[in-house]
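The values are calculated or read from the model by the stated rules, or taken from the named source; none is laboratory data. Computed from a predicted structure; not experimentally measured. For neighbour counting, all protein chains shown are included, and Cβ atoms are generated from backbone atoms with ideal geometry for every residue, glycine included. We work out accessible area using only protein heavy atoms, side chains counted, and drop any ligands, DNA or RNA first. Shrake-Rupley method; radii C 1.70, N 1.55, O 1.52, S 1.80 Å.
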Amino acid sequence: MTTATSPPPPDVPSKQLSRLLAVLGRIERLGNKLPHPFWLFGVLSVVLALVSWLLSATGASALNPATGKTVGVRSLVSGEGLRMAISDAVTNYATFPPLGTILVVMLGVAVADRSGLLPAMLRAAVARVPARWLTFTLAFTAMVAHVASDAAYVVLVPLGAMAFRAVGRSPMLGAVVAFVSVSAGYDASPLVTPTDAILAGLTTAAAHTVDPSYVVSPLSNYFFSVASSVVLAIVVTVVTEKVIARRVAAMPEEPEPEDAPEAVGTEAGLTLRPEERRGLRNAGLTLLAYAALVVVAMAPAGSPLRGEGGSIVQSPVLTGIAVVLAVAFLIVGAVYGRTVGTVRTGRDIPDQMAQGLREMAPILVLFFAISQFLAYFKWTGVGEVLAIRGAGLLKSAGITGPVAFLGVLLVCTVINLLVTSGSAQWALVSPVFVPMFMLLDIPPEVTQAVYRIADSCTNAATPMSAYFVMTLGVVQRYRRSAGIGTLLSLTLPLCLVMLAAWTLLFYAWWALGIPLGPGVPVR
(Lines give C-alpha, C1' and ligand atoms only; values in the text may rest on other atoms or scores of the structure.)
Protein backbone atom coordinates (compact mmCIF):
# COMPACT_ATOMS: atom_id res chain seq x y z
CA MET A 1 0.00 0.00 0.00
CA THR A 2 1.26 3.47 -0.86
CA THR A 3 1.88 5.69 2.17
CA ALA A 4 1.03 9.37 2.36
CA THR A 5 4.65 10.34 1.72
CA SER A 6 5.33 7.88 -1.08
CA PRO A 7 5.48 9.15 -4.67
CA PRO A 8 2.26 8.53 -6.59
CA PRO A 9 2.23 5.69 -9.10
CA PRO A 10 2.93 6.88 -12.66
CA ASP A 11 -0.61 6.24 -13.84
CA VAL A 12 -2.19 8.19 -10.95
CA PRO A 13 -1.28 11.72 -12.07
CA SER A 14 -1.51 14.88 -10.01
CA LYS A 15 -4.52 17.20 -10.25
CA GLN A 16 -2.60 19.52 -12.58
CA LEU A 17 -1.59 16.65 -14.85
CA SER A 18 -5.14 15.28 -14.71
CA ARG A 19 -6.48 18.60 -15.99
CA LEU A 20 -3.84 18.65 -18.73
CA LEU A 21 -4.72 15.08 -19.71
CA ALA A 22 -8.38 16.05 -19.90
CA VAL A 23 -7.51 18.95 -22.22
CA LEU A 24 -5.31 16.72 -24.37
CA GLY A 25 -8.12 14.16 -24.47
CA ARG A 26 -10.50 16.77 -25.85
CA ILE A 27 -7.86 17.90 -28.35
CA GLU A 28 -7.33 14.29 -29.40
CA ARG A 29 -11.06 13.75 -29.94
CA LEU A 30 -11.34 16.99 -31.89
CA GLY A 31 -8.28 16.21 -33.96
CA ASN A 32 -9.56 12.73 -34.78
CA LYS A 33 -12.61 14.35 -36.35
CA LEU A 34 -10.45 16.27 -38.81
CA PRO A 35 -10.29 14.70 -42.27
CA HIS A 36 -7.10 13.45 -43.88
CA PRO A 37 -4.89 16.46 -44.82
CA PHE A 38 -5.65 15.77 -48.50
CA TRP A 39 -9.37 16.27 -47.91
CA LEU A 40 -8.67 19.08 -45.45
CA PHE A 41 -7.09 21.13 -48.22
CA GLY A 42 -9.99 20.20 -50.48
CA VAL A 43 -12.42 21.56 -47.90
CA LEU A 44 -10.27 24.66 -47.49
CA SER A 45 -10.40 25.20 -51.26
CA VAL A 46 -14.20 25.18 -51.12
CA VAL A 47 -14.14 27.62 -48.20
CA LEU A 48 -11.71 29.82 -50.14
CA ALA A 49 -14.06 29.80 -53.12
CA LEU A 50 -16.94 31.06 -50.95
CA VAL A 51 -14.77 33.67 -49.19
CA SER A 52 -13.36 34.94 -52.50
CA TRP A 53 -16.89 35.24 -53.93
CA LEU A 54 -18.07 37.21 -50.90
CA LEU A 55 -15.03 39.52 -50.80
CA SER A 56 -15.16 40.07 -54.54
CA ALA A 57 -18.83 40.96 -54.34
CA THR A 58 -18.11 43.55 -51.64
CA GLY A 59 -15.20 45.04 -53.60
CA ALA A 60 -12.48 44.12 -51.07
CA SER A 61 -9.07 45.50 -52.08
CA ALA A 62 -5.82 46.84 -50.67
CA LEU A 63 -2.90 48.99 -51.84
CA ASN A 64 0.30 46.97 -52.05
CA PRO A 65 3.05 49.30 -50.78
CA ALA A 66 5.71 47.13 -52.41
CA THR A 67 4.34 47.66 -55.96
CA GLY A 68 2.14 50.73 -55.54
CA LYS A 69 -0.76 48.87 -57.16
CA THR A 70 -4.21 48.24 -55.77
CA VAL A 71 -4.96 44.54 -55.35
CA GLY A 72 -8.53 43.31 -55.55
CA VAL A 73 -10.06 39.92 -54.78
CA ARG A 74 -11.09 37.74 -57.71
CA SER A 75 -13.88 35.22 -57.23
CA LEU A 76 -13.05 31.57 -57.67
CA VAL A 77 -16.77 31.03 -58.23
CA SER A 78 -16.73 32.51 -61.72
CA GLY A 79 -16.11 31.44 -65.28
CA GLU A 80 -12.58 32.78 -65.14
CA GLY A 81 -11.91 31.00 -61.86
CA LEU A 82 -13.27 27.70 -63.18
CA ARG A 83 -11.12 27.93 -66.31
CA MET A 84 -8.04 28.61 -64.19
CA ALA A 85 -8.73 25.70 -61.84
CA ILE A 86 -9.05 23.24 -64.71
CA SER A 87 -6.46 24.49 -67.20
CA ASP A 88 -3.71 25.19 -64.63
CA ALA A 89 -4.12 22.09 -62.44
CA VAL A 90 -1.22 20.16 -64.00
CA THR A 91 1.01 23.24 -64.11
CA ASN A 92 0.20 24.05 -60.48
CA TYR A 93 1.37 20.60 -59.43
CA ALA A 94 4.38 20.30 -61.74
CA THR A 95 5.75 23.73 -60.77
CA PHE A 96 5.05 23.37 -57.04
CA PRO A 97 8.41 24.52 -55.54
CA PRO A 98 8.94 21.73 -52.97
CA LEU A 99 8.04 18.93 -55.39
CA GLY A 100 11.17 18.75 -57.54
CA THR A 101 13.50 19.59 -54.67
CA ILE A 102 12.29 16.89 -52.31
CA LEU A 103 12.16 14.26 -55.08
CA VAL A 104 15.76 14.95 -56.10
CA VAL A 105 17.04 14.91 -52.51
CA MET A 106 15.16 11.70 -51.73
CA LEU A 107 16.75 9.90 -54.67
CA GLY A 108 20.05 10.09 -52.81
CA VAL A 109 18.66 9.68 -49.30
CA ALA A 110 16.85 6.50 -50.41
CA VAL A 111 20.16 4.88 -51.39
CA ALA A 112 21.80 5.92 -48.09
CA ASP A 113 18.85 4.52 -46.16
CA ARG A 114 18.21 1.32 -48.12
CA SER A 115 21.89 0.41 -48.20
CA GLY A 116 21.87 0.48 -44.40
CA LEU A 117 24.17 3.50 -44.07
CA LEU A 118 21.81 5.76 -42.09
CA PRO A 119 20.76 3.09 -39.54
CA ALA A 120 24.40 2.07 -39.07
CA MET A 121 25.42 5.70 -38.52
CA LEU A 122 22.80 6.10 -35.81
CA ARG A 123 23.80 2.87 -34.09
CA ALA A 124 27.49 3.78 -34.23
CA ALA A 125 26.79 7.21 -32.76
CA VAL A 126 25.39 5.81 -29.50
CA ALA A 127 27.49 2.64 -29.18
CA ARG A 128 30.45 2.56 -26.75
CA VAL A 129 29.70 6.03 -25.40
CA PRO A 130 30.70 6.66 -21.75
CA ALA A 131 27.64 6.66 -19.51
CA ARG A 132 28.10 10.29 -18.47
CA TRP A 133 27.95 11.43 -22.11
CA LEU A 134 25.20 9.10 -23.27
CA THR A 135 22.26 11.48 -22.83
CA PHE A 136 23.88 14.33 -24.77
CA THR A 137 25.21 11.94 -27.43
CA LEU A 138 21.78 10.39 -27.95
CA ALA A 139 20.09 13.81 -28.06
CA PHE A 140 22.56 15.24 -30.57
CA THR A 141 22.47 12.04 -32.65
CA ALA A 142 18.71 12.56 -32.89
CA MET A 143 19.36 16.04 -34.30
CA VAL A 144 21.63 14.51 -36.94
CA ALA A 145 19.03 11.78 -37.56
CA HIS A 146 16.57 14.36 -38.89
CA VAL A 147 18.27 13.82 -42.23
CA ALA A 148 16.41 10.48 -42.30
CA SER A 149 13.04 12.25 -41.78
CA ASP A 150 10.44 10.06 -40.06
CA ALA A 151 12.71 7.01 -40.28
CA ALA A 152 14.65 8.59 -37.41
CA TYR A 153 11.82 7.68 -35.01
CA VAL A 154 11.70 4.06 -36.11
CA VAL A 155 15.47 3.57 -35.80
CA LEU A 156 16.49 5.76 -32.89
CA VAL A 157 13.72 5.37 -30.26
CA PRO A 158 14.28 1.62 -29.70
CA LEU A 159 18.05 2.10 -30.04
CA GLY A 160 17.96 4.79 -27.36
CA ALA A 161 16.22 2.40 -25.00
CA MET A 162 18.81 -0.32 -25.65
CA ALA A 163 21.73 2.12 -25.27
CA PHE A 164 20.55 3.24 -21.84
CA ARG A 165 19.90 -0.34 -20.78
CA ALA A 166 23.43 -1.31 -21.88
CA VAL A 167 24.97 1.14 -19.37
CA GLY A 168 22.63 0.13 -16.55
CA ARG A 169 20.17 3.01 -16.86
CA SER A 170 16.42 2.92 -17.43
CA PRO A 171 15.64 1.98 -21.05
CA MET A 172 12.38 3.92 -20.68
CA LEU A 173 14.48 7.05 -20.10
CA GLY A 174 16.52 6.35 -23.23
CA ALA A 175 13.39 5.96 -25.35
CA VAL A 176 12.03 9.26 -24.04
CA VAL A 177 15.30 11.12 -24.71
CA ALA A 178 15.43 9.81 -28.28
CA PHE A 179 11.75 10.50 -28.95
CA VAL A 180 11.76 14.05 -27.60
CA SER A 181 15.03 14.92 -29.33
CA VAL A 182 13.76 13.69 -32.70
CA SER A 183 10.23 15.03 -32.29
CA ALA A 184 10.43 18.28 -30.30
CA GLY A 185 13.64 19.22 -32.09
CA TYR A 186 12.43 18.10 -35.52
CA ASP A 187 13.33 21.30 -37.41
CA ALA A 188 16.86 21.60 -35.99
CA SER A 189 19.84 19.71 -37.41
CA PRO A 190 23.55 20.19 -38.11
CA LEU A 191 22.85 18.73 -41.57
CA VAL A 192 20.61 19.92 -44.39
CA THR A 193 17.50 17.73 -44.31
CA PRO A 194 14.55 16.99 -46.60
CA THR A 195 12.43 19.15 -44.29
CA ASP A 196 14.64 22.14 -45.14
CA ALA A 197 13.85 21.62 -48.81
CA ILE A 198 10.11 21.35 -48.22
CA LEU A 199 9.89 24.41 -45.96
CA ALA A 200 12.05 26.47 -48.34
CA GLY A 201 9.82 25.58 -51.28
CA LEU A 202 6.64 26.52 -49.42
CA THR A 203 8.19 29.76 -48.16
CA THR A 204 9.27 30.63 -51.70
CA ALA A 205 5.74 30.09 -52.96
CA ALA A 206 4.34 32.31 -50.20
CA ALA A 207 6.94 35.04 -50.82
CA HIS A 208 5.92 35.25 -54.48
CA THR A 209 2.75 37.02 -53.36
CA VAL A 210 4.90 40.11 -52.72
CA ASP A 211 8.00 39.44 -54.83
CA PRO A 212 7.64 36.90 -57.71
CA SER A 213 11.43 36.67 -58.05
CA TYR A 214 12.15 35.82 -54.40
CA VAL A 215 13.82 32.45 -53.77
CA VAL A 216 14.33 30.84 -50.35
CA SER A 217 17.16 28.30 -50.28
CA PRO A 218 17.14 25.07 -48.25
CA LEU A 219 20.24 26.59 -46.59
CA SER A 220 18.37 29.75 -45.57
CA ASN A 221 18.19 28.79 -41.87
CA TYR A 222 21.31 26.60 -41.78
CA PHE A 223 23.40 28.60 -39.27
CA PHE A 224 20.44 28.95 -36.93
CA SER A 225 19.56 25.28 -37.32
CA VAL A 226 23.10 24.14 -36.44
CA ALA A 227 23.18 26.30 -33.31
CA SER A 228 19.66 25.18 -32.39
CA SER A 229 20.62 21.50 -32.60
CA VAL A 230 23.48 22.00 -30.12
CA VAL A 231 21.43 24.15 -27.73
CA LEU A 232 18.49 21.76 -27.77
CA ALA A 233 20.73 18.74 -27.17
CA ILE A 234 22.15 20.53 -24.12
CA VAL A 235 18.65 21.43 -22.89
CA VAL A 236 17.49 17.82 -23.27
CA THR A 237 20.56 16.63 -21.36
CA VAL A 238 20.16 19.06 -18.45
CA VAL A 239 16.39 18.60 -18.04
CA THR A 240 16.71 14.82 -18.35
CA GLU A 241 19.42 14.53 -15.73
CA LYS A 242 17.93 17.08 -13.32
CA VAL A 243 14.22 16.30 -13.65
CA ILE A 244 13.21 13.37 -15.86
CA ALA A 245 15.73 10.87 -14.47
CA ARG A 246 14.54 11.63 -10.95
CA ARG A 247 10.93 11.23 -12.05
CA VAL A 248 11.74 7.78 -13.47
CA ALA A 249 13.71 6.82 -10.35
CA ALA A 250 10.75 7.80 -8.15
CA MET A 251 8.39 5.43 -9.98
CA PRO A 252 7.53 2.25 -8.06
CA GLU A 253 9.75 -0.64 -9.03
CA GLU A 254 8.31 -3.01 -11.59
CA PRO A 255 9.89 -6.21 -12.94
CA GLU A 256 11.09 -5.83 -16.49
CA PRO A 257 9.15 -8.07 -18.91
CA GLU A 258 10.95 -11.25 -19.85
CA ASP A 259 10.58 -10.46 -23.55
CA ALA A 260 12.24 -7.01 -23.28
CA PRO A 261 14.74 -6.47 -26.13
CA GLU A 262 18.36 -7.29 -25.51
CA ALA A 263 20.75 -4.35 -25.19
CA VAL A 264 23.53 -5.83 -27.31
CA GLY A 265 24.47 -8.99 -29.13
CA THR A 266 21.66 -9.08 -31.70
CA GLU A 267 21.48 -7.68 -35.20
CA ALA A 268 18.89 -5.16 -33.97
CA GLY A 269 21.15 -4.10 -31.09
CA LEU A 270 23.92 -1.54 -30.96
CA THR A 271 26.90 -3.70 -31.91
CA LEU A 272 28.20 -3.12 -35.43
CA ARG A 273 29.50 -6.01 -37.47
CA PRO A 274 33.08 -5.71 -38.83
CA GLU A 275 31.82 -5.13 -42.37
CA GLU A 276 29.52 -2.37 -41.12
CA ARG A 277 32.45 -0.61 -39.46
CA ARG A 278 34.43 -0.89 -42.70
CA GLY A 279 31.44 0.44 -44.59
CA LEU A 280 31.15 3.48 -42.35
CA ARG A 281 34.88 4.17 -42.68
CA ASN A 282 34.76 3.90 -46.48
CA ALA A 283 31.62 6.05 -46.65
CA GLY A 284 33.23 8.71 -44.44
CA LEU A 285 36.37 8.85 -46.60
CA THR A 286 34.23 9.07 -49.73
CA LEU A 287 32.23 11.97 -48.27
CA LEU A 288 35.44 13.84 -47.39
CA ALA A 289 36.77 13.31 -50.92
CA TYR A 290 33.48 14.52 -52.42
CA ALA A 291 33.43 17.64 -50.24
CA ALA A 292 37.08 18.37 -51.09
CA LEU A 293 36.32 17.99 -54.79
CA VAL A 294 33.47 20.49 -54.59
CA VAL A 295 35.62 23.00 -52.67
CA VAL A 296 38.52 22.67 -55.14
CA ALA A 297 36.16 23.07 -58.09
CA MET A 298 34.73 26.26 -56.57
CA ALA A 299 38.12 27.73 -55.59
CA PRO A 300 39.06 29.51 -58.86
CA ALA A 301 37.47 32.96 -59.14
CA GLY A 302 36.29 32.14 -62.66
CA SER A 303 34.89 28.71 -61.78
CA PRO A 304 31.57 27.84 -63.48
CA LEU A 305 30.44 26.72 -60.01
CA ARG A 306 30.57 30.35 -58.86
CA GLY A 307 27.71 32.78 -59.22
CA GLU A 308 27.61 36.13 -60.97
CA GLY A 309 30.64 38.23 -60.06
CA GLY A 310 32.32 35.22 -58.45
CA SER A 311 29.65 34.97 -55.75
CA ILE A 312 29.64 31.85 -53.58
CA VAL A 313 26.25 32.54 -51.99
CA GLN A 314 24.56 32.72 -55.40
CA SER A 315 26.61 29.87 -56.85
CA PRO A 316 25.04 26.83 -58.55
CA VAL A 317 26.31 24.74 -55.62
CA LEU A 318 24.12 26.59 -53.12
CA THR A 319 21.15 27.43 -55.36
CA GLY A 320 21.18 23.83 -56.57
CA ILE A 321 21.97 22.34 -53.17
CA ALA A 322 19.33 19.64 -53.70
CA VAL A 323 21.43 18.07 -56.47
CA VAL A 324 24.65 18.39 -54.45
CA LEU A 325 23.04 16.68 -51.45
CA ALA A 326 21.43 13.97 -53.58
CA VAL A 327 24.78 13.06 -55.15
CA ALA A 328 26.47 13.06 -51.73
CA PHE A 329 23.91 10.69 -50.22
CA LEU A 330 23.96 8.50 -53.33
CA ILE A 331 27.72 7.97 -53.53
CA VAL A 332 28.29 7.41 -49.82
CA GLY A 333 25.27 5.08 -49.68
CA ALA A 334 26.58 3.15 -52.69
CA VAL A 335 30.08 2.87 -51.20
CA TYR A 336 28.66 1.63 -47.91
CA GLY A 337 26.37 -0.81 -49.71
CA ARG A 338 29.20 -2.24 -51.78
CA THR A 339 31.23 -2.79 -48.61
CA VAL A 340 28.50 -4.58 -46.63
CA GLY A 341 26.87 -6.34 -49.59
CA THR A 342 23.55 -4.47 -49.79
CA VAL A 343 24.60 -3.03 -53.17
CA ARG A 344 25.91 -5.81 -55.39
CA THR A 345 25.21 -4.58 -58.92
CA GLY A 346 24.49 -1.29 -60.62
CA ARG A 347 20.83 -2.25 -60.79
CA ASP A 348 20.50 -2.21 -57.00
CA ILE A 349 20.94 1.57 -56.83
CA PRO A 350 17.99 2.57 -59.05
CA ASP A 351 15.94 -0.15 -57.33
CA GLN A 352 16.69 1.45 -53.95
CA MET A 353 15.83 4.87 -55.39
CA ALA A 354 12.49 3.51 -56.56
CA GLN A 355 11.78 1.99 -53.14
CA GLY A 356 12.52 5.33 -51.49
CA LEU A 357 10.23 7.20 -53.86
CA ARG A 358 7.45 4.68 -53.25
CA GLU A 359 7.61 5.65 -49.59
CA MET A 360 7.21 9.28 -50.71
CA ALA A 361 3.86 8.49 -52.36
CA PRO A 362 1.69 9.81 -49.46
CA ILE A 363 3.58 13.12 -49.54
CA LEU A 364 3.25 13.39 -53.33
CA VAL A 365 -0.51 12.85 -53.06
CA LEU A 366 -0.74 15.52 -50.34
CA PHE A 367 1.37 17.90 -52.44
CA PHE A 368 -1.24 17.77 -55.21
CA ALA A 369 -3.97 19.07 -52.91
CA ILE A 370 -1.66 21.67 -51.34
CA SER A 371 -0.39 22.93 -54.71
CA GLN A 372 -3.95 23.51 -55.99
CA PHE A 373 -5.02 25.30 -52.79
CA LEU A 374 -1.97 27.60 -52.86
CA ALA A 375 -2.51 28.36 -56.54
CA TYR A 376 -6.15 29.29 -55.84
CA PHE A 377 -5.08 31.37 -52.85
CA LYS A 378 -2.62 33.34 -54.97
CA TRP A 379 -4.96 33.74 -57.96
CA THR A 380 -7.89 35.06 -55.93
CA GLY A 381 -5.71 37.65 -54.18
CA VAL A 382 -7.27 36.80 -50.80
CA GLY A 383 -3.89 36.06 -49.23
CA GLU A 384 -2.34 39.26 -50.55
CA VAL A 385 -5.23 41.42 -49.34
CA LEU A 386 -5.16 39.74 -45.91
CA ALA A 387 -1.41 40.18 -45.67
CA ILE A 388 -1.55 43.88 -46.63
CA ARG A 389 -4.44 44.61 -44.26
CA GLY A 390 -2.79 42.59 -41.49
CA ALA A 391 0.52 44.39 -41.95
CA GLY A 392 -1.30 47.72 -41.87
CA LEU A 393 -3.04 46.83 -38.62
CA LEU A 394 0.24 45.76 -37.02
CA LYS A 395 1.92 48.99 -38.09
CA SER A 396 -0.94 51.18 -36.87
CA ALA A 397 -0.96 49.34 -33.54
CA GLY A 398 2.80 49.82 -33.21
CA ILE A 399 3.42 46.09 -33.03
CA THR A 400 7.09 45.43 -33.76
CA GLY A 401 8.97 42.32 -34.87
CA PRO A 402 9.46 40.70 -31.44
CA VAL A 403 5.76 40.92 -30.54
CA ALA A 404 4.72 39.72 -34.00
CA PHE A 405 7.11 36.77 -33.72
CA LEU A 406 5.51 35.78 -30.44
CA GLY A 407 2.08 35.84 -32.08
CA VAL A 408 3.22 33.46 -34.82
CA LEU A 409 4.80 31.19 -32.21
CA LEU A 410 1.63 30.96 -30.16
CA VAL A 411 -0.73 30.45 -33.11
CA CYS A 412 1.40 27.79 -34.81
CA THR A 413 2.21 26.00 -31.53
CA VAL A 414 -1.50 25.55 -30.84
CA ILE A 415 -2.22 24.44 -34.42
CA ASN A 416 0.63 21.93 -34.15
CA LEU A 417 -1.28 20.03 -31.46
CA LEU A 418 -3.88 19.16 -34.11
CA VAL A 419 -2.04 19.33 -37.43
CA THR A 420 1.17 17.42 -36.70
CA SER A 421 2.33 17.46 -40.34
CA GLY A 422 4.83 20.31 -40.54
CA SER A 423 4.52 20.76 -44.31
CA ALA A 424 0.71 20.78 -44.17
CA GLN A 425 0.67 23.37 -41.40
CA TRP A 426 3.21 25.64 -43.11
CA ALA A 427 1.29 25.37 -46.37
CA LEU A 428 -1.76 26.56 -44.44
CA VAL A 429 -0.26 29.55 -42.62
CA SER A 430 2.71 30.67 -44.76
CA PRO A 431 0.60 32.36 -47.48
CA VAL A 432 -0.56 34.86 -44.85
CA PHE A 433 2.36 35.17 -42.42
CA VAL A 434 5.22 35.33 -44.96
CA PRO A 435 3.87 38.19 -47.13
CA MET A 436 2.48 40.00 -44.08
CA PHE A 437 5.92 40.03 -42.47
CA MET A 438 7.59 40.93 -45.79
CA LEU A 439 5.46 44.09 -45.82
CA LEU A 440 6.85 44.80 -42.35
CA ASP A 441 10.37 44.45 -43.82
CA ILE A 442 10.90 41.07 -42.15
CA PRO A 443 12.55 38.59 -44.57
CA PRO A 444 10.72 35.30 -45.32
CA GLU A 445 13.67 33.36 -43.92
CA VAL A 446 13.08 34.95 -40.51
CA THR A 447 9.39 34.02 -40.51
CA GLN A 448 10.37 30.47 -41.47
CA ALA A 449 12.87 30.31 -38.59
CA VAL A 450 10.14 31.32 -36.13
CA TYR A 451 7.85 28.67 -37.58
CA ARG A 452 10.49 25.96 -37.09
CA ILE A 453 10.24 26.46 -33.32
CA ALA A 454 6.44 26.32 -33.23
CA ASP A 455 6.33 23.32 -35.58
CA SER A 456 8.64 21.23 -33.40
CA CYS A 457 8.37 21.64 -29.65
CA THR A 458 4.84 20.34 -29.03
CA ASN A 459 5.25 17.31 -31.31
CA ALA A 460 6.25 15.15 -28.34
CA ALA A 461 3.35 16.34 -26.16
CA THR A 462 0.34 15.42 -28.27
CA PRO A 463 -1.30 11.99 -28.67
CA MET A 464 -2.23 13.17 -32.18
CA SER A 465 1.29 12.19 -33.24
CA ALA A 466 1.55 8.61 -34.48
CA TYR A 467 5.08 8.49 -33.12
CA PHE A 468 3.84 9.36 -29.63
CA VAL A 469 1.85 6.12 -29.78
CA MET A 470 4.82 4.26 -31.26
CA THR A 471 7.09 5.48 -28.45
CA LEU A 472 4.53 4.46 -25.86
CA GLY A 473 4.68 0.96 -27.36
CA VAL A 474 8.48 0.92 -26.99
CA VAL A 475 8.23 2.13 -23.38
CA GLN A 476 5.67 -0.57 -22.58
CA ARG A 477 8.14 -3.23 -23.73
CA TYR A 478 10.14 -2.34 -20.62
CA ARG A 479 7.34 -1.21 -18.29
CA ARG A 480 3.97 -2.88 -18.85
CA SER A 481 1.98 -0.42 -16.72
CA ALA A 482 3.09 2.67 -18.66
CA GLY A 483 0.24 4.66 -20.17
CA ILE A 484 -0.32 7.96 -21.94
CA GLY A 485 -0.06 9.77 -18.60
CA THR A 486 3.28 8.09 -17.91
CA LEU A 487 4.80 9.14 -21.23
CA LEU A 488 3.28 12.63 -21.13
CA SER A 489 4.63 13.26 -17.63
CA LEU A 490 8.11 12.55 -19.01
CA THR A 491 7.90 14.44 -22.31
CA LEU A 492 5.97 17.55 -21.27
CA PRO A 493 8.71 19.14 -19.09
CA LEU A 494 11.22 18.62 -21.87
CA CYS A 495 8.89 20.12 -24.48
CA LEU A 496 8.14 23.23 -22.43
CA VAL A 497 11.78 23.95 -21.57
CA MET A 498 12.83 23.33 -25.19
CA LEU A 499 10.15 25.77 -26.39
CA ALA A 500 11.34 28.45 -23.95
CA ALA A 501 15.05 27.92 -24.66
CA TRP A 502 14.64 27.79 -28.45
CA THR A 503 12.51 30.96 -28.40
CA LEU A 504 15.12 32.78 -26.33
CA LEU A 505 17.83 31.60 -28.72
CA PHE A 506 15.91 33.04 -31.66
CA TYR A 507 15.34 36.38 -29.97
CA ALA A 508 19.04 36.61 -29.05
CA TRP A 509 19.96 35.66 -32.62
CA TRP A 510 17.61 38.30 -34.01
CA ALA A 511 18.77 41.00 -31.57
CA LEU A 512 22.44 40.38 -32.43
CA GLY A 513 21.71 40.40 -36.16
CA ILE A 514 23.48 37.09 -36.82
CA PRO A 515 22.84 35.71 -40.34
CA LEU A 516 20.37 32.81 -40.35
CA GLY A 517 22.15 31.11 -43.22
CA PRO A 518 24.68 31.77 -46.02
CA GLY A 519 23.94 35.27 -47.31
CA VAL A 520 20.71 35.55 -45.32
CA PRO A 521 20.60 38.53 -42.94
CA VAL A 522 18.23 38.17 -40.01
CA ARG A 523 16.86 41.67 -40.70
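Among the residues of the range 294-320, which ones are hydrophobic (A, V, I, L, M, F, W, C) and more than 18 Å from GLY108 (Cα to Cα)?
VAL295, VAL296, ALA297, MET298, ALA299, ALA301, LEU305, ILE312, VAL313
Which of (1) touching a helix residue (DSSP H, G or I) at 6+ places or on another chain (Cβ under 7 Å); (2) surrounded by fewer than 24 Cβ atoms within 10 Å (Cβ to Cβ); (3) among the hydroxyl-bearing types (Ser, Thr, Tyr); (4) farther than 28 Å from ILE321 by Cβ is the odd one out, the single condition THR458 does not satisfy?
Status for THR458: all satisfied but (2).
Within the range 35-51, is even one residue open to solvent by 40 Å² or more (accessible area, probe 1.4 Å), modelled with pLDDT under 80 and farther than 29 Å from PHE437 by Cα?
Within the range 35-51, one or more residues are open to solvent by 40 Å² or more (accessible area, probe 1.4 Å), modelled with pLDDT under 80 and farther than 29 Å from PHE437 by Cα.
Quick one: which of ALA511, ALA501, ALA460 is without any contact (Cβ under 8 Å) to a residue 40 or more places away in the chain and assigned to a helix (DSSP H, G or I)?
Criteria check complete, one pass: ALA511.
Tally the residues that are over 18 Å from PRO518 (Cβ atoms) and either basic (Lys, Arg) or open to solvent by 20 Å² or more (accessible area, probe 1.4 Å) (or both), restricting the search to the range 203-234.
Matching residues across the range 203-234 total 10.
On the given criteria, is GLY381 in contact with a helix residue (DSSP H, G or I) (Cβ under 9 Å, 6 or more places away or on another chain), at positive phi and open to solvent by 10 Å² or more (accessible area, probe 1.4 Å)?
So GLY381 does not fit the description; no.
Does the range 214-246 hold any residues that are β-branched (Val, Ile, Thr) and within 22 Å of PRO316 (Cα to Cα), and which are they?
Initially, the range 214-246 is screened for residues β-branched (Val, Ile, Thr), giving 215-216, 226, 230-231, 234-240, 243-244.
VAL215, VAL216 - these are the residues of the range 214-246 that are β-branched (Val, Ile, Thr) and within 22 Å of PRO316 (Cα to Cα).
Considering each residue of the range 365-387, count those that are in a helix (DSSP H, G or I) and either within 27 Å of TYR336 (Cβ to Cβ) or more than 22 Å from the chain's Cα centre (by Cα) (or both), and give that number.
Result for the range 365-387: 13.
Quick one: in the range 326-362, which of the residues that are under 14 Å from VAL105 (Cα atoms) and modelled with pLDDT under 80 is most open to solvent (accessible area, probe 1.4 Å)?
Here the residue is GLU359.
What are the residues in the range 384-399 that are out of contact with any strand residue (DSSP E or B) (no Cβ under 6 Å at 6 or more places or on another chain) and surrounded by fewer than 20 Cβ atoms within 10 Å (Cβ to Cβ), if any?
Correct list: GLY390, GLY392, LEU393, LEU394, LYS395, SER396, ALA397, GLY398, ILE399.
Given the residues THR447, THR486, which is the only one that is part of a helix (DSSP H, G or I), more than 13 Å from VAL176 (Cα to Cα) and β-branched (Val, Ile, Thr)?
THR447
Considering only residues that are among the aliphatic types (A, V, I, L, M), open to solvent by 10 Å² or more (accessible area, probe 1.4 Å) and in contact (Cβ under 8 Å) with a residue 60 or more places away in the chain, which ones fall in the range 173-200?
VAL192, ILE198
When residues of the range 400-419 are filtered for being open to solvent by 60 Å² or more (accessible area, probe 1.4 Å) and not in a helix (DSSP H, G or I), how many remain?
First, the residues of the range 400-419 that are open to solvent by 60 Å² or more (accessible area, probe 1.4 Å): 400, 403, 406, 410-411, 414.
Checking the rest, the ones that are also not in a helix (DSSP H, G or I) come to 400.
Number of matching residues: 1.
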